[in-house]
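Here's the structure we're looking at; comments come further down.
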Amino acid sequence: MTDPDPLDRVLDALDAGRQPSSDYDLNPEITLPAGRKLRAAGVLVPVISTGGVAHVILTKRSSALKHHPGQIAFPGGKQDLGDVDITATALREAQEEIGLDPANVEVMGHLPKHETVTGFDVTPILGRVSRRFTPRPEAGEVDEVFEVPLAHLLTLSHFRVEQRRWLGGWRRYYTVPFGPYYVWGATARILRTLADLAKP
């Protein structure tokens, strides 16, 4: 009996229910203030078939940006007043950042929300990219668009917990490196949730 397609495993688990994640998950000593105000944001987790193999499209943020320069991220951003819903936010941002036409994305569902240290309440939108397209990185925002095999990102042993000094203490976080790309922080935490959901 063969293992199910990794994307099928994810889709089967979407409705299983799971608690939201946060950048503080690995730092239980940090107490978050009650009543804190978070800004809504949406990111697209775009899955595309390359040579019959599922890949996730990621971006490398511009090194010229003030916030999170050079970090690996999903296409996405904060919700605008003109967005119908958070899914529209993720699709709009993906079009702006990498040139992905919303009509070329089949929305499969929402992953659990994720709270970031920068005060965003992020909803990851899982989407299947129907057709190959030529990425157009947004000048000044995105340095590179690349793909990572979904199977790599669903393998729990590829994740590590690392730490660095932050606000006078140690902050622990997930990483899931791939080749020259150091994937960490909120992006790695959302991918870890994806991997946990897809466990056989």
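The values are calculated or read from the model by the stated rules, or taken from the named source; none is laboratory data. Note that the structure is predicted; figures quoted are calculated from it, not measured. Heads up, the Cβs are rebuilt from the backbone with ideal geometry, glycines too, and the neighbour counts pull from every protein chain shown. Heads up: the accessible areas ignore ligands, DNA and RNA and are worked out on the full protein's heavy atoms, side chains in. Shrake-Rupley method; radii C 1.70, N 1.55, O 1.52, S 1.80 Å.
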* Every residue from region 177-200 that is touching a Lys or Arg at 6+ places or on another chain (Cβ under 7 Å) and aliphatic (A, V, I, L, M) -> Leu197, Ala198
* Enumerate the pairs (first residue in region 175-199 and of a type in the set (Asp, Glu); second residue anywhere and open to solvent by less than 30 Å² (accessible area, probe 1.4 Å)) with beta-carbon separation below 9 Å, excluding pairs fewer than 6 apart on the same chain, so at least 6 apart or on different chains. => Asp196/Ala13
* **Flag if Ala195 is farther than 30 Å from Gly35 by Cβ, at pLDDT below 95 and open to solvent by 10 Å² or more (accessible area, probe 1.4 Å)** => no
* Structure fact -> Counting only residues in region 104-129 that are open to solvent by less than 20 Å² (accessible area, probe 1.4 Å) and among the polar types (S, T, N, Q), the one nearest to Ala41 (Cα to Cα) is identified as Thr123
* Asked: Is at least one residue of region 42-57 over 20 Å from Leu7 (Cα atoms) and outside any helix (DSSP H, G or I)?
  -> yes
* Going through region 45-73 one residue at a time, which ones are at pLDDT 95 or above and closer than 16 Å to Pro149 by Cβ? -> Val45, Pro46, Val47, Ile48, His55, Val56, Ile57, Leu58, Ile72
* Answer yes or no as to whether Arg18 is in contact with a Leu (Cβ under 8 Å, 6 or more places away or on another chain), assigned to a loop (DSSP other than H, G, I, E, B), charged (D, E, K, R) and farther than 15 Å from Glu138 by Cβ. => yes
* Is it the case that region 95-103 has a residue that's touching a residue at least 24 places away in the same chain (Cβ under 8 Å), open to solvent by 60 Å² or more (accessible area, probe 1.4 Å) and outside any helix (DSSP H, G or I)? -> yes
* Hits in region 147-166 - residues which are under 21 Å from Gly70 (Cα atoms) and open to solvent by 40 Å² or more (accessible area, probe 1.4 Å) -> Glu147, Arg160, Val161, Glu162, Gln163, Arg164, Arg165, Trp166
